[in-house]
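Okay, so here's the structure we're looking at.
Values quoted throughout were computed directly from the atomic coordinates according to the rules given, and no laboratory measurement underlies them. Here the structure is a predicted model, which means the values were calculated and not measured. Cβ placement follows ideal geometry from the backbone for every residue including glycine, while neighbour counts extend to all protein chains displayed.
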Amino acid sequence: MQYPDRDRLEDVADAILVGRAVDGDTGAFETLIRRHGPLMRAYTARIVGSMADADDVVQDAFHTAWRRLPELRDPAAVRPWLMRIASRLAFSSLRRKPAEVELPDLESALPADTQPENIAVRNAQLRALSAALDTLPEDQRRCWLLREVGELSYDDIAQEMELPTATVRGKLARARASIYAQMEGWR
Amino acid sequence: MNDNEPRTLDCGKTVEELSAYLAAGRTPSDPRIETCPECLNALQGLARVSQLFQDLITQDVADLPAPPANWFQDIMTNIHREVRAGRSLPLPHPDTRVDLSVTEGAVLALIRTVGDTVPGLLIGTSHLEGNVEEPGAPVDVSVTASVLWNHPIPDAAHTLRALISDALATHTALNITAINITIEDLHRETTDSDKET
């Protein structure tokens with residue numbers, strides 16, 4: 001009878017779970033981890049380049065989130081907030097650890113599907129995109145990931161990166177143009 | 001094919017310019033761009049980068065290996081160590097030498113526990129407003145809750161208020177002057193109802 005409401009907790013909105021977690025309900029926080037953990041792991045792996053490092057970062061991120069949850073002003077916006085914490089920890093872990101490892105190819109096996117040609121084209125496309133992403137300068141890549149995965153507003157990214165909003169917009173535009181140019185063969 | 005020079009379209013616009021235009025939400029509208037087939041084509045391609053990127057992350061998530069065995073438990077263990085006790089609420093005891101109290105965190109947990117027994121209702125956040133550390137001081141209770149779609153809200157709120165009132169009278173010495181309930185959200189059952197019963 002430890003978490004009698006785990007199933008029911010899965011039905012309610014983030015804001016309700018955040019409210020409970022702020023009050024000390026670890027079961028509600030556990031539900032938030034299950035709900036947002038996968039995207040955070042994938043996102044962090046894109047930044048740090050290894051699943052093992054990503055798993056460490058995301059653990060830290062949830063631990064930090066638990067402690068700082070009372071500071072979250074808009075409980076409904078917990079996902080971008082979690083992404084922001086994960087992003088910050090991921091980039092600082094990159095800096096602690098000088099580039100000793102090359103970024104591995106994260107796309108491993110082809111997913112099972114019935115149309116191998118389409119899948120092959122699509123996978124090649126995604127690989128090209130993945131490679132293009134890796135060539136971006138760190139600040140552009142960070143802006144891009146915060147925007148496209150974290151779904152942060154330009155203003156929030158600006159605040160997060162301590163840059164003027166116009167600079168963030170410029171970096172995002174350059175990131176997009178650069179990815180687009182590199183994907184030329186796949187359009 | 002992959003130089004770092006800004007790529008210039010035949011119409012004279014650069015991909016960078018178009019990307020900046022897209023980032024600005026295509027406002028103010030630039031008729032030279034909006035009527036140029038080449039620019040429109042590039043804008044479409046630039047916008048598609050986002051979609052493709054979403055596909056990439058979706059695939060990442062789908063291909064995600066399970067986390068290491070203790071990954072989840074480690075997080076939970078760390079969290080359990082940092083209990084949110086809150087304030088200390090005095091409880092009367094016949095022996096004046098005995099200092100008895102209950103933590104605010106425990107009272108909030110009590111509110112959640114009794115609140116969650118109301119059919120179709122799940123407690124969100126709970127607050128004790130007032131000087132709870134002072135015996136007899138007036139205290140307002142405020143709770144938010146989410147109610148299951150199609151459940152009558154007044155009934156649920158009525159039951160909730162009675163349950164909280166009883167539980168606090170039984171387990172605390174608080175002088176409750178009001179119980180404010182805000183139904184903050186409605187939710188649906190997402191679990192497969194076939195499996196339920």
Original post:
So, with +1 on the Cβ of K and R and -1 on the Cβ of D and E, and no other charges, what is the size of the charge dipole of the stretch A:1-97 about its Cα centre, to the nearest 20 debye?
Top reply: 540
Subject >> Between 0 and 90°, nearest 10: helix B:153-171 axis offset from chain B longest Cα axis >> reply: 50
Original post:
In degrees from 0 to 90, rounded to the nearest 10, what is the angle of the helix B:104-115 Cα long axis to the longest principal axis of chain B?
Top reply: 80
Original post:
Tell me, how many Å apart are the Cα centres for the stretch B:28-43 and for the stretch A:117-187?
Top reply: 22
Subject >> Hypothetical label at B:LEU186: residues of the stretch B:96-131 whose amide nitrogen lies under 16 Å (7 Å Cα-Cβ projection) >> reply: B:120-122
Original post:
What FRET efficiency comes out for the pair B:ASP10/A:ARG35, r = Cβ-Cβ distance, R0 = 45 Å, nearest 0.05?
Top reply: 0.40
**OP:** Give me the distance in nm between label points sitting 7 Å out from Cα along the Cα-to-Cβ direction at B:GLN54 and B:ARG26, one decimal.
**Re:** 1.6
Original post:
Rounded to the nearest 5, what % of the DSSP beta bridges within chain B are antiparallel ones?
Top reply: 50
Original post:
Roughly speaking, what is the centre-to-centre gap between the stretch A:3-55 and the stretch B:100-176 when only Cα atoms are used, to the nearest Å?
Top reply: 25
